[in-house]
Structure formats: C-alpha cells, structure tokens
Amino acid sequence: MAQRRLLVVVAAAGALVLSVAPAGAGPARDRGTLTLSHRLDLTHGPYVEGSISYLNLKRGGRVVLRRSGSGPIRTRLKPHAGLYRVVSYQRPCDGNCSTLDPPVDRCSKRVRVYAGEASGARAVTRPGRGCRIKVIEPEAFPSARRVRAARDYLRGRAVSSLALLDTHRRLRGYRPHRSYVTASVVKAMLLVGRLRQLGNHRPSASDRAVLEPMIEVSDNHAADAAYGWVGDAGLLAVGKLAGMHDLLVPGGHWGNVQFSAADQARLFIKIDKLVPPRSRSYARRLLSSIVSYQRWGFSRYSRRRGWHAFFKGGWRTTGRGALVHEAALFEHGGRRFSMVVLTDGNPSHDYGTETLRGVAARIFR
C-alpha cells in the first residue's frame, strides 16, 4: 500500500502517553476527572491484517495525550477544567504491523471537563464503516428545574434578587444585576482585602482580634477597624479581581457600598482563591464558623444535603423596610457553586430570613 510509514512505537510498546495532569501540578480543585476509552466493533469483520488504534486528546490545537494499541484503550486523567477534543483513528497493519497504512475511520468530538466533576468519552470504531464518540458530561447543580422553582418563589416575595454560579460556572437567577445597599455581607470583602494586604504573612494576633469577630459574630466595630486598614481602594481592588461589574463604592463608610447579587456570586465562587495561600485555610475557617444564631438562611438546608457552606449574611433597616442578605460558597465532593439572595423592603427581619430559607429549600430539596 502507498504512503506506508515505519511505526516507531509499536503495539508491543503498549502506549505513548503525554500526561495532562502530572503529579502535584496545579491545585486539585481546578481539575476534574476525564475517562477516555476506545474499542473495535467487529460485528461486520476486522481489518484484514489487523490495525493499531489511536486515541488522542487535544486542547487549543495542541495534543496533550496520545494513547495507542492493538486492543481496547482505556485511561483516566485528572486534567485542568476546560474544553478538549477527543480524536480517534485507525492505522491498518501491513503484514505483522511493522509498517502501517495511513489513518482511516477517523472521528472527533469535543468534551468539557468541569472542576471537581467527572466527564468521559467513549469511541467505537467499525472497521471500514467509520467511528463514533459518545461524550458523557455531568449535569450542573443546581438543575434548571430547581433554579426555576426558586425564581418563581421570589416573584411573590418582597424586593428580591437571586444569583448563582452553578457547578458549571454558569450565572443564573432572578434579577441578578439589581443594585442593593450592603449590610454585613461586605465584611467578606473586607476579610479578603485585609488578607491580601498581609500577603505571605499569617494574620497576627491583632489582625485576628478584628477579623474573627467581624466575620463570626458580624461585629460592626471590628468592621470599622478592618475598613480603616482596607479602605475604599482595597474594596475596589477586591471587586475588580472578583469581576464585580455592578459594584459601587461611594466612600466614607463600608456600609455605603452597593452591589448586585451577581457581584457577590462572582466573589464567593472564588473567595478562597482570592486570598493568599498562607491565609486561605484561615479565611475558609472563618466563613464556615458563623455563630449559630446567625445561621438563619441557606446552611440549614445545604447541610442536610451534604454541602459545606462558607457564607456571610447581613441585615439592616432601609427606607423600604427590613433588608436581609446572604451570600455563600457551597462545596460537596469536589463540586462547588455560589448562591446569593439579596432582599429589601421586607415587613420584618423574620420575613426576610424566611425568603432566604424558601430559596434554599427549593435549591437543595
């Protein structure tokens, strides 16, 4: 046959692999699981003299993994989250497979890997009849049905907004860009701002004496001290890093800050990643250690379903009535998503907290 080429790595060698996720490279939370497989369907017969199967994985046009062999192929990887392309083809053998014919029965398909989740691609080739690839990707949490139920619920409540970035990082919700004045939710931004100022240094005793009461019991005097450190410029810097496009910092006091539910959802989905590595576990501990009498929102429902919550709530009185907010990051089994509910004009604080629980009940049901 024409255009034969000498096979450098033959079936006896088993496979050539360029690892997508070398051990210790990059944070585990940015990676997902990808299972790739290939088999021959010999219902209509094999290649006359056999063949070598090839299964490649590409990202951005670059081959990041190659597998080959004379039998079934199966491999499991821990790649970075992102979009990949799986390519399968055969090279029929000539004689004892010391030389191979050009590629035939080629097919390819895109597959997306999500952080903390499992995807897969199964290729099947029928000799001389082509190949096909079936892609398996996880369903996002929360589902569209659950988000729709929460949205329908909010339509009957006081002034409210919902924003969440699901486990596929898609923004969904109800009036997510409506602007609200902050309450204590902004204290999470002050926490990030102060820890970023400290850089590679752990919080000192004086830092902890401010940051811990500010987050765990929502102490306003502690927030005043943190605001003195961080200032408006620090809040704006945190907002820029988080992608908070609706953020407004009028100045003068942390209580004047305005933002949208979408802003806070973008902040909380990456709130631990915005903190320097040496302080990351400290920030996560504070945001998961809110006192019991301020856990009147999401966490009552998320905990029952096995989701670990890192959150901050807020409440105050405005010209409309009672304002009640909550913003949170949820993690479970490597998956993570953020959810924020902002409300104003509530007839009472209890009515506002009931709205938070009503949304959580529909998301985590």
What full-extension length gain, to one decimal in nm, is calculated for Lys134 and Ala233 as 0.36 nm per residue of separation minus the Cα-Cα distance?
30.7 nm
Ignoring ligands, DNA and RNA, please state the percent of accessible area on the chain from carbon and sulfur, probe 1.4 Å.
50
Taking the chain as the reference, fit the longest principal axis to its C-alpha atoms, fit the long axis of helix 349-363 to the helix C-alpha atoms, and give the angle between the two in degrees, 0 to 90, nearest 10.
10
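So if R0 is 35 Å, what FRET efficiency would Arg76 and Arg300 give, r being the distance between their Cβ atoms, rounded to the nearest 0.05? Write down the numbers at each step before the final one.
Details: r = 37 Å, r/R0 = 1.05.
Result of the calculation: an efficiency of 0.40.
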Cα long-axis angle, helix 220-242 against the chain (0 to 90 degrees, to the nearest 10):
30
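Distance check, please: which entries in Lys78/Lys187; Lys78/Lys270; Lys78/Lys273; Lys134/Lys312 exceed 31 angstrom between their Cα atoms? Spell out each step's value before the answer.
On the way: Lys78/Lys187 35 Å; Lys78/Lys270 21 Å; Lys78/Lys273 20 Å; Lys134/Lys312 42 Å.
The pairs that break the limit, which is 31 Å between Cα atoms, are Lys78/Lys187; Lys134/Lys312.
Quick one: dipole size for the chain, taken about the Cα centre, charges +1 on Lys/Arg Cβ and -1 on Asp/Glu Cβ, in debye to the nearest 20. Provide the component values of the computation, followed by the final result.
Working: 61 positive and 25 negative charges, 225 e Å.
Roughly 1080 debye, rounded to the nearest 20.
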Where does each of Arg284, Arg304, Arg112 land when they are ordered by accessible area, with a 1.4 Å probe and the largest first?
Arg304, Arg112, Arg284
Considering only protein heavy atoms, what is the solvent-accessible area of Glu331 at a probe of 1.4 Å, reported in Å² to the nearest 10?
40
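Multiplying the sequence separation of Leu171 and Lys240 by 0.36 nm and subtracting their Cα-Cα distance, what value in nm do you get?
Residue separation times 0.36 nm, minus the Cα-Cα distance, leaves 23.1 nm.
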Taking alpha-carbon centroids only, the range 116-162 lies from the range 242-285 a number of Å equal to 28
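Using +1 on the beta carbon of Lys and Arg, -1 on that of Asp and Glu, and nothing else charged, what's the dipole of the range 273-365 about the Cα centre, debye to 20? Before the final figure, lay out the partial values.
Details: 18 positive and 5 negative charges, 111 e Å.
It comes to approximately 540 debye.
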Calculated FRET efficiency for the pair Ser281/Asp30, C-beta based, R₀ 25 Å, to 0.05:
0.90
Below 8 Å, C-alpha to C-alpha, sequence gap of six or more: please give me the relative contact order for the range 92-208 in percent.
14
Relative contact order of the chain: what whole-number percent is it, with Cα pairs under 8 angstrom and at least 6 residues apart?
15
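Round to the nearest 0.05 the FRET efficiency obtained for Val291 and Arg320 when R0 = 25 Å and r is the Cβ-Cβ distance. Mind dumping the intermediate values first?
On the way: r = 27 Å, r/R0 = 1.08.
Result of the calculation: an efficiency of 0.40.
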Computed from these coordinates, which is semi-axes √(5λ) of the Cα gyration tensor in Å: (1) 36, 23, 20; (2) 52, 22, 15; (3) 37, 29, 20?
(2)
Can you give me the angle between helix 205-216 and the longest principal axis of the chain, using Cα atoms only, in degrees from 0 to 90, rounded to the nearest 10?
90
Gyration tensor verdict on the range 60-205 (Cα atoms; rounded if a/c is under 1.5, prolate if a/b is larger than b/c, oblate otherwise):
oblate
GNM, the chain, Cα, under 10 Å: largest mean-square fluctuation among Gly71, Gly82, Gly32?
Gly71
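If each residue of separation counts as 0.36 nm, what is the full-extension length gain between Lys58 and Lys273 once their alpha-carbon separation is subtracted? Don't skip to the answer; put the middle values down first.
Values: separation 215, 0.36 × 215 = 77.40 nm, distance 2.73 nm.
In short, 74.7 nm is gained.
Using a 1.4 angstrom probe on the protein heavy atoms only, could you order Ser218, Ser292, Ser98 from most to least accessible area? Write down the numbers at each step before the final one.
Details: Ser218 15, Ser292 95, Ser98 55 Å².
Accessible-area ranking of Ser218, Ser292, Ser98, largest first: Ser292, Ser98, Ser218.
The values are calculated or read from the model by the stated rules, or taken from the named source; none is laboratory data. No experiment lies behind these values; they were computed from the predicted model shown. A quick note on method: Cβ atoms are made from the backbone with ideal geometry, for glycine too, and the neighbour counts reach across all protein chains shown. Surface areas here come from the heavy atoms of the whole protein model, side chains and all, with no ligands, DNA or RNA. Shrake-Rupley method; radii C 1.70, N 1.55, O 1.52, S 1.80 Å.
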